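For reference, the structure is listed below as structure tokens.
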Amino acid sequence: MLKNKLLLFFFLLGMFTNISAQNINDFRSINSGNWTTATNWERFDGTNWVTATYYPGNGPTNDINIINGNTITINSPISISVNSITIGDNDDTNIETLEVNSNATIFTNTFLIKLDGLLKWISFVTLTLSNDDTELIVENTLPDDPSLGSTHGIYINPPPCSKNQTLEIGTARKNIYATCNGGGGSSVESFNEVNNSGGNQSLTVTIVPSVTELCSGETISFTAYPSGTAYNSGNTTTYNWTSTPTTGNITNTNSDTTSASPTTDGSITYQINITHSGYNASNSVTITVNNCNQPSGKIITNRRITYRVNK
């Protein structure tokens, strides 16, 4: 009875989580094509995802997600205000892309490029994120990842890479944040530098485990790599490792590197929380722990042959 009640609880919790993950007037892509084509989008009406009757920003708009391997192209000038834009869905199968083929001005709080998301200039145009406090986040596995800027992040190889492919953030500063090749001023970053820093005004942390699967009682090691423009290697970073369940057996909870010897079988999630210069970031990784002990055997002997029978 208790088990059934727990299963029902977690089922309902999962339903609530899925429902609460969307907000009214969220948009998600359903086809590749122009940003301004409404039929390339679905809108959440508060209960269901429905075919959009206007494109994101051309009416009430909350969060925008480009997903399912779609490529959305800004082919004509737009000036819109939205809460956030996310490119990618981390499904590890397809690349989601936002192509910039026309000048565009977007007022947004957050612009997130996920590990399978790509922001790509295909013309000499400017994308302006007009909120001075826009947080630009570029997820990366490690700085200088060879695929960063190629299959995810901000594309760094448009033909040719030029200072005329421009990303501006804010209007108060009246300056350019980044260009493809970093040209255009002494404070201008290149798209490659933005990729490696993880964006602007942000702190991120990546966990690299030595393995993703091991036997119970074996040892696994983890390294945490902070990044983002809020990160300065000369400043102090505090670390705190935890595991769920706590049988993850972490040896050192307050360092960028640690190890663990999990004692229970199944999935164990290891999480790192860091604090740096007033910013906080966290990440987690799930490890599979197997029971690798050989089954015990019982010896049966007759007059001529000895057998070992595994049970």
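Return yes or no: is Ile95 under 17 Å from Gly199 (Cα atoms), among the aliphatic types (A, V, I, L, M) and within 15 Å of the chain's Cα centre (by Cα)? Here the answer is no, as Ile95 does not meet what is asked.
Any idea which residue in the range 263-274 is farthest from Asn240 (Cα to Cα), counting only those that are open to solvent by less than 60 Å² (accessible area, probe 1.4 Å) and either at pLDDT 95 or above or under 22 Å from the mean Cα position of the chain (by Cα) (or both)?
Step one: filter the range 263-274 for residues open to solvent by less than 60 Å² (accessible area, probe 1.4 Å), giving 264, 266, 268-270, 272-274.
Remaining after also requiring either at pLDDT 95 or above or under 22 Å from the mean Cα position of the chain (by Cα) (or both): 268-270, 272-274.
On the way: Ile268: 16, Thr269: 14, Tyr270: 11, Ile272: 6, Asn273: 5, Ile274: 6 Å.
In this case the residue turns out to be Ile268.
Scan the range 212-237 for residues that are under 20 Å from Gly198 (Cα atoms) and more than 22 Å from the chain's Cα centre (by Cα) and jot them down.
Within the range 212-237, the subset under 20 Å from Gly198 (Cα atoms) is 223-237.
Residues satisfying the conditions are Ser233, Gly234, Asn235, Thr236.
Residues that are in contact (Cβ under 8 Å) with a residue 12 or more places away in the chain and crowded, with 16+ Cβ neighbours inside 10 Å number at least 2 in the following strands (runs of 3 or more DSSP E) confined to the range 19-117: 27-29, 41-44, 63-66, 71-74, 78-81, 84-87, 96-100, 104-107, 110-113. Here Pro226 fits the description: out of contact with any Phe, Trp or Tyr (no Cβ under 8 Å at 6 or more places or on another chain) and either open to solvent by 20 Å² or more (accessible area, probe 1.4 Å) or not small (Gly, Ala, Ser) (or both). Ser243 meets the stated requirement of being at pLDDT 90 or above, buried (at least 16 other Cβ atoms within 10 Å of the Cβ) and under 22 Å from the mean Cα position of the chain (by Cα).
This table checks each residue for (1) of a type in the set (D, E, K, R); (2) open to solvent by less than 30 Å² (accessible area, probe 1.4 Å); (3) within 30 Å of Ile250 (Cα to Cα).
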| site | (1), (2), (3) |
| --- | --- |
| Leu119 | no, yes, no |
| Leu129 | no, yes, no |
| Val138 | no, yes, yes |
| Gly149 | no, yes, no |
| Cys161 | no, no, no |
| Ser186 | no, no, no |
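The one condition from (1) at pLDDT 95 or above; (2) over 30 Å from Pro159 (Cα atoms); (3) open to solvent by less than 50 Å² (accessible area, probe 1.4 Å) that Gly14 does not meet is (1).
Residue pairs whose Cβ atoms lie under 7 Å apart, separated by 6 or more positions or on different chains, with the first residue in the range 173-191 and among the acidic types (Asp, Glu) and modelled with pLDDT of 80 or more and the second open to solvent by less than 60 Å² (accessible area, probe 1.4 Å) and part of a loop (DSSP other than H, G, I, E, B), are Glu189/Tyr177; Glu189/Gly182.
The values are calculated or read from the model by the stated rules, or taken from the named source; none is laboratory data. Values in this document were obtained by computation on a predicted structure and should not be read as measured data. Note that we place each Cβ from the backbone using ideal geometry, even for glycine, and neighbour counts take in every protein chain shown. SASA here: full protein model, heavy atoms, side chains in, ligands and nucleic acids out. Shrake-Rupley method; radii C 1.70, N 1.55, O 1.52, S 1.80 Å.
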